[in-house]
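Note sheet for the following structure.
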Amino acid sequence: MSIPVTLIPGDGIGPSITDATVRLLAAAGADIAWDRQLAGTAAVQAVHDPIPEATIESIRRTRVALKGPLETPVGKGFRSINVALRKAFDLYANVRPARSVLPGLRFDGIDIVLIRENTEGLYIGIENYIKVGADAHAAAQSVAVITRQGSERIHRYAFEYAISHGRRKVTLVHKANILKYSQGLFLEVGRKVAKEYAGRLQVEERIVDACAMELVMRPERYDVIVTTNLFGDILSDLTSGLVGGLGLTPGANIGQDAAIFEAVHGTAPDIAGQGIANPTAVMLAGVQMLDHLGQADRARRVQAAIEGVLRDKQVVTGDVGGTATTEQYTDAVIARL
Ligand code: NAD
């Protein structure tokens, strides 16, 4: 029986790279009934709503979505749809793997999975200005909220992920030396959860600044990283950069009742419509999705085909040093399956 999955093609390069992924998954034999839905600028143009109820309803029904990047206007217009979707479905775990596959990178042997708390911290949206005298913007404050429950579920997710994916080590990344309350609570809960996994996984702690330095100097020593929202946002772009850039790294947003799989990168307006975008990140999001749907063997086969084509570096897109179009690269991956 085919598996229902919501497909949000997205804006800019989104439709071309999600089409490439749909084609690849079909070629790999995945029996998926795609339910195409709109969000972002495409939805504003079609139905004057950046996040139509039909899209929310579809995800509520299928509980799984594959999503292209969505355009968020800077400093005006509607708020980020990505943040709205994460909130609507309480997608608390953001899982971003980064593996060094391309030849000629500065490092070999990088295989890091960064697990970022996706709903709390500084991204909770409690912000305001403080007026002093005539200056309405004399000061500004953004509140970081960390809860015991939020910390517990993200640490537990990270440890369970590590066990189920045959990983050996989890690094808790924090700034509890300075932010003794919020980051202190995150670390306290992490230590407590870690005790339950003693003997099964190696556990270490790193202060975020030292972690950033070490990720650049000795990235191969990292395995699974678990951290708070803002640190995870920044460090996951860093780990993307270590393995060849944003065109290569996927991200899964996981909640209790739904999961949304996407690329880490945006709509790439500078190259949209030219047929040259790199679809790898969304394809690898498709691999994460197959894993989530319990199709691990198929996921490994698709991943191996993508990595094989990247490793050969004969038919790859311009952002990673090749001349292939999106379509030519997709054909090469399918031929490799
Ligand atoms: P971007 O990731 O779209 O582009 C940054 C650079 O990387 C550009 O030069 C682009 O051409 C290149 N690039 C990105 N993906 C690529 C790919 N698959 N193949 C080849 N090159 C690629 O970041 P931006 O320009 O800062 O943002 C553009 C828009 O995307 C904004 O509206 C932003 O809000 C949105 N955005 C959406 C998401 C999401 O939906 N998850 C994430 C980030 C940004």
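The values are calculated or read from the model by the stated rules, or taken from the named source; none is laboratory data. Keep in mind the model is a prediction, meaning the values are calculated, not measured. When we count neighbours, we look across all protein chains shown, and the Cβ atoms used for this are built from the backbone with ideal geometry, even at glycine. For accessibility, only protein heavy atoms count, side chains too; no ligands or nucleic acids. Shrake-Rupley method; radii C 1.70, N 1.55, O 1.52, S 1.80 Å.
Cross-link partners among lysines for Lys131, C-alpha distance below 23 Å, same-chain residues fewer than 8 apart left out?
Here the lysines satisfying the reach criterion relative to Lys131 are Lys76.
Please work out the Kirkwood hydrodynamic radius for the chain, using every pair of different C-alpha atoms, and report it in angstroms with one decimal place.
Taking every pair of different Cα atoms in the chain, averaging 1/r and inverting gives 20.7 Å.
How far is it, in nm, from the label point at Ser164 to the one at Lys180 when both lie 7 Å from their Cα along the line to the Cβ?
About 3.8 nm separates the two model spin labels.
Search the structure for amide H atoms under 5 Å from the amide H of Leu91, placed 1.01 Å from N in the peptide plane, and list their residues when 5 or more places away or on another chain.
Close amide H contacts, sequence-distant or interchain: none at all.
With label points built 7 Å along Cα→Cβ from the Cα atoms of Val47 and Ala26, find their separation and express it in nm.
In this crude spin-label approximation the distance works out to 2.4 nm.
Where the centroid of each part is defined by its Cα atoms, how far is the stretch 176-194 from the stretch 78-108 in Å?
Going from one Cα centre to the other spans 23 Å.
Only helices at least 30 Å long along their own axis, judged from Cα atoms, and with Kyte-Doolittle mean hydropathy of 0.5 or greater: name those in the chain from DSSP H.
The answer is none, since no helix passes both cut-offs.
Non-local amide H neighbours of Ala30 (under 5 Å, H modeled in plane, Pro and chain starts lacking H): which ones?
none
For Asp331, tell me the accessible area in Å² from a 1.4 Å probe, rounded to the nearest 10.
Around 70 Å² of this residue is reachable by solvent.
Could you go through the stretch 313-322 in sequence order and give the Karplus-derived ³J(HN,Hα) for each residue, using 6.51 cos²θ - 1.76 cosθ + 1.60 with θ = phi - 60°, rounded to whole Hz, and x for Gly and Pro?
6, 8, 10, 10, 7, x, 5, 10, x, x
Could you rank Lys175, Lys169 by how accessible they are, 1.4 Å probe, largest area first?
Largest accessible area first, the list is Lys175, Lys169.
Distance between the C-alpha centers of the stretch 215-264 and the stretch 303-318? Whole Å please.
21
Keeping every protein chain in place, order Tyr129, Tyr157, Tyr92, Tyr222 by accessible area at 1.4 Å, biggest value first, i.e. largest first.
Order by accessible area, largest first: Tyr129, Tyr157, Tyr92, Tyr222.
In nm, to one decimal, how far is the Met217 label point from the Arg300 one, both placed 7 Å along Cα→Cβ?
3.7
As a test question: what accessible area, to the nearest 10 Å², does Arg99 have when a 1.4 Å probe is rolled over all protein chains in place?
90
What full-extension length gain, to one decimal in nm, is calculated for Leu337 and Ile126 as 0.36 nm per residue of separation minus the Cα-Cα distance?
71.2 nm
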